[in-house]
Every structure is written in C-alpha cells, then in structure tokens.
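Bear in mind that the values in this text are calculations on the coordinates, not laboratory data. Because the structure is predicted, anything quoted here is derived from the model rather than measured. A quick note on method: Cβ atoms are made from the backbone with ideal geometry, for glycine too, and the neighbour counts reach across all protein chains shown.
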Amino acid sequence: MADPVEILRSTFGFAGFRGVQDQVVGRVMRGANTLAVMPTGAGKSLCYQVPSLALEGTCVVVSPLIALMHDQLRAAEAVGIRAATLTSVDENREETIQRFRAGQLDLLYVAPERASSEHFRNLLSQARLSLFAIDEAHCVSEWGHDFRPDYRLLRPLLDRFEDVPRLALTATADAHTRADICEQLGIPHEGMIVAGFDRPNIRYTIQPRENTTRQVMDVMADNPGPGIVYVQTRAGVEKLAEKLAETGRPVLAYHAGLDPQVRRRNQAAFVASEDMVIVATVAFGMGIDKPDVRFVAHAGLPKSIEGYYQETGRAGRDGDPAVAHLFWGADDFARARQRIGEVETGRQPGERARLTALGALVETAECRRRILLRHFGEEDTPEQCGNCDNCLSPPAAVDAGVVAQKFLSAVFRTGMMFGTGYIESVLLGQSSERSLMNGHEKLSVFGIVSGDEAALLKPVSRALLLRDALRTNAHGGLEFGPAAKAILKGETGLKLVLPPKRDRRGKRGAAGGA
Ligand code: ADP
Ligand code: ZN
C-alpha cells in the first residue's frame, strides 16, 4: 500500500491535501464507509483518485452523466491513472472488460443503471475491487434536488461486496438529504465529512425583478469582467442574449437546444474571453474551468438553494472579488408550485421544503450568507458577513398585516377574478369606467388604502403570491390560495422586508444605508 501523500506529490504534483481531503482519504484508506460533502472546486475527485492508486485493485466510480465521465476520464489519464469508462457509447467495451479482469485499471467509471444488471455484478466479482466511489450521491435521495431512481439500484450491489469500502461524494446536500444519503447507502452517521461552504469573496445581492434586461445591464456595467447570466428557458436565453448584445459587450447564448458544435464553440469562446457575458440555462457550467468569472446573475428563481449556491459558486474561483445577483418575481414561485404539483407525490414534500427555503432566502432581512451557510449545516457563522446586500445596507422590516388583509378582502369582494393592477386601483379608490361598471366603487374596500400604505401594495401582493396566499388563475386573475384565510383573519401576520431605495443603477442609495 503506497503512501497517499507521496502519490499526491508524485502523480498530481500537489504539495498537500486541501481542506477535508486528508480526512476523507484517511477514512477511505482505513476501509471506512464515508460521505464527503464538499463544495464544487474543493477537489472531490482527488478523494477517490489518490486511494485508487494507493490501494490494490480497481476503484469503481458511479457517475450520472456520460459526458462528465469522459471529462473525468481524460483528466485521470492525463496524470497517468489507468482509467476507463464502461458506458453504452463506448466502443472499446470488450477491451475495457479485459483490462478490468486483468487488474490493469485503477479507475472504472460506470453509470448507475449498470448496477442492476446481473452481468455487471458477475463482472465485478471477477476482479479485485479497491473502492466504490459514488459521485453526485445526492441523486440517491428523494429529498435531493436531482433524484435519479437508478441510484436506488446501487445499494444491493454495494451490499453484495461488503468488504469493499464506499465513498459517497456530493457538492450539494442539506442536512435532511445528507442523512438520507447515509441511510440509503449504508454509511454510518459519523462517516459524514462536511467541508466549509463559505465563499467569502462572493457578494450576494437578491432583488425583486422589475425590468430584467435593465437590471442585468446594470450588473454588466458595474462588472466589466466575464459573467454568466442564468435564464430558466431556452427561449428566454435567446431573447435576453439578443438584448444584452446591444450593450456592445460580447454576448453568447448557451442551452441544450443549440447544436452541440455551437455549444462547444460558445463555451470555448467564453472560457478564453476576458469580458464575455454568456446567457445560459442551468445546462451551462458543469465541468467548466474558468476561475475569473466576475459575476453570476440569475434572471429568475433557481430551482433550490443548492442550485443557487452551485451556480453562483462559479463566480470568483480565483479568490478575487465577484458578485452574484438574483432577480426574482412572485410568478417564479407560482410556476415552481405548479411544477411541484406535477411531480410524483413522494417527491412533493422535498420539493416544497426546497421552495420554502428559497422563499426565506429571497425575503429575509438577515445576512444572506448566514442563511446559505446554515442551510448547509454551518450553524456557527457570524450574524453579519459584511459582504451581502442585507449586511451592506440593512433593509427596513415593516408590519404589513393590515394592508395584506385589505388586499385579500378586495380580492374576495371583487369575486376573485381580477389581476393585481385592478385590485390596487380599487384599494386606492381610483375611479375608472371598469370599476364603475362593475359596481366596485360601492364596495367598502374601495379607496381603503391611502398614504403610506400605498407603497406597500406591490410588495404585499408579491409576498402573498410567494406564500401561496394568492394564486394567479389562467386569465391572470387573483384567487385565494391555502394560506389566505389565516392572513385574512389576522391569525398569521405579514412582516415585510423593504429594500432601501435604489438609484437607477440598482445600487442602494445612501438613505437606506446603515
Ligand atoms: P470538485 O470535483 O470538488 O468540483 P475537482 O476535483 O474538479 O473539484 O478539483 C478542483 C480543482 O482543484 C482541480 O483543478 C484540482 O486539480 C484542484 N485540486 C484538488 N485538490 C488539490 C490539492 N490538494 N492541491 C491543489 N489543487 C488541488
Ligand atoms: Zn451578509
């Protein structure tokens, strides 16, 4: 058995392990089952690559994406590791099997669906195994944000080779998902090693969406370096890319609908550029090595806090200051809820919890970093980071319970069929042909909102939609959601966080500053 540190130096050319790597490798070398939770870029691959060289036999790496597997294969081969992939697209499968049986492989990458094949199990029993490495291990959990049923097939396989240690790896798992991964893969609780998640050089800013194009352009103007803009849909990517190009900055689009060749070209151009902005769906970023990304902007709500952390984490890998801007709208939450309604019932609680956590992050008056880190299980964080929007200029918290009641009763009394704009005009007592025709000017809620309350109407309607107290029907009309009653009756209050006034550039004015 060779010395891991020696291998780290001689094969990889690194002076020492970083962060929790030595803890993880130490456990693996002792044959203990382990879950390593390490943020992207922390060096997860090394945690199984080094043992694969130090231990006798082959390390079987389970990985969910064939494209990613081939990237990893190239990287491993580049440092002289004897590695191969065994997937449906590989033409040299026979040769790989031969090498595996003959003990000539340090690493064998496979997709999870192989695990269920009897043929593959037999193959594994014909060779000497050093380790099972399960990459993207959150895929095994229904609580995880990327559940893949195939990962459930792994457990019987792992149990059949009980003497072979298991190392599960993930960059993204909340406490609940982590516990579930351990449970699903038979890893003891004390076998969990979590690396620090803080990215102190990233400045987080989260604002309601007003005019996406203008808001993103402002971010671009403030950040001349390379940047990524995430948009939820392919059509949205194309549209925003076109508009942003008008600024004169080099702008390219990236999504799964583009020709693979175009995609590769755009990605390569971005990696080489010093001022390019790439507008992309979340398909972009995995496996991309560009340390000098200066900003990441989200033009809409990410899927989860994990997703937000991972996507914003592509900024500032070089350690220099970088910014992350998220622009969200109440309609993002409505769409997400609709999507949750369409997934299997077993996965709905997890999806709902994820959306609630996102809601708390965007609406908070607290330090954003603290909320992010707590989400990843780091309880011991300072109350203020000094490098997020809420720390740099604390927002005002106001009690908007009464305005929320007024808003909801106006929705109710007008028959739950009108949109936000009309409800606002009724509450403000703005007479129109429509309100006259509808007889709404005689309602007790007509003109019930005045003065200071008027400014709260927009944020209140946003907050009610976010909390599922209001829903938008197919025609844009507002209806009550399940959370409406308690707010209307005053059983649940509504505390609102009002961002300080900003100038046109989206920067906060001095008035709101601390
Ligand atoms: P992850 O899979 O966690 O995102 P990688 O395994 O791709 O991270 O590693 C990220 C980068 O860090 C790679 O370029 C890798 O070579 C480098 N790296 C990993 N471990 C070390 C180390 N101990 N010392 C120096 N560089 C390292
Ligand atoms: Zn902060």
*Would you compute, from DSSP H runs of 4+ residues alone, the mean residue ellipticity of the chain at 222 nm, taking -39500 (n - 2.57) per run and dividing by the full residue count, rounded to the nearest 500?*
-11500 deg cm²/dmol
*If each Cα of the range 384-427 is one equal point scatterer, what is log10 of I(q)/I(0) from the Debye formula at q = 0.14, 0.19, 0.21, 0.27 Å⁻¹?*
-0.52, -0.63, -0.68, -0.89
*Considering only the chain, percent of DSSP beta bridges that pair antiparallel, nearest 5*: 15
_Return the Rg/Rh ratio of the range 361-514 with Cα-based radii and a Kirkwood Rh._
1.05
*Kirkwood Rh and Cα Rg combined as Rg/Rh, the chain*: 1.03
*Which FRET efficiency value, to the nearest 0.05, do you get for Glu274 and Asp380 by plugging their Cβ-Cβ distance into 1/(1 + (r/R0)^6) with R0 = 30 Å?*
0.20
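Sorting check: for 326-335, 188-197, which peptide has the highest mean count of neighbouring beta carbons within 10 Å, and how do the rest follow?
326-335, 188-197
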*Divide the volume of the convex hull of the Cα atoms of the range 146-226 by its number of residues and quote the answer in cubic angstrom per residue.*
179
*Please go through the range 216-303 and write out the GluC sites (Glu not before Pro) that DSSP classes as loop and that have at most 14 other C-beta atoms within 10 Å.*
Glu246, Glu274
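Taking only Cα atoms of the range 327-383, what ratio of Rg to Rh do you get with Rh as the Kirkwood inverse-distance radius?
Expressed as Rg/Rh, it is 1.05.
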*asked:* P(r) for the range 166-316, please, calculated from all Cα pair distances in 5 Å bins and given in %.
replied: 2, 8, 18, 19, 18, 12, 9, 7, 4, 2, 0
*Go through the range 65-104 and name the GluC sites (Glu not before Pro) that are in a DSSP coil and have 12 or fewer other Cβ atoms within 10 Å of their Cβ.*
Glu91
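Please work out the Kirkwood hydrodynamic radius for the range 8-73, using every pair of different C-alpha atoms, and report it in angstroms with one decimal place.
Kirkwood radius, the range 8-73: 12.9 Å.
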_Debye-sum result for the range 23-165 in log10 I(q)/I(0), which assumes one identical scatterer on each alpha carbon, at q = 0.10, 0.11, 0.18 Å⁻¹_ = -0.30, -0.37, -1.10
*Go through the range 324-433 and name the GluC sites (Glu not before Pro) that are in a DSSP coil and have 16 or fewer other Cβ atoms within 10 Å of their Cβ.*
Glu344, Glu378, Glu379, Glu383
*Alpha-carbon Debye profile of the range 239-279, log10 I(q)/I(0) at 0.26 Å⁻¹*: -0.89
_Viscosity 0.692 mPa s, temperature 37 °C, Stokes-Einstein D of the range 68-144 from Kirkwood C-alpha radius, µm²/s_ = 244
*If you average 1/r over every pair of different alpha-carbon atoms in the range 198-284 and take one over that average, what Kirkwood value in Å do you get?*
13.5
*Can you give me the pair-distance distribution of the range 276-341, C-alpha pairs, 10 Å bins, whole percents?*
19, 51, 23, 7, 0
*Just the Cα atoms of the range 340-419: what Rg and Dmax do they give in Å?*
17.7, 49
*Rounded if a/c is under 1.5, else prolate if a/b beats b/c, else oblate: with a ≥ b ≥ c from the C-alpha gyration tensor eigenvalues square-rooted, which is the range 101-175?*
prolate
_C-alpha center-to-center spacing [the range 400-424, the range 279-302] in angstrom_ = 38
*Sort all Cα-Cα distances of the range 227-329 into consecutive 10 angstrom bins from zero, then give the percent of pairs in each bin up to the one containing the longest distance.*
16, 53, 30, 1
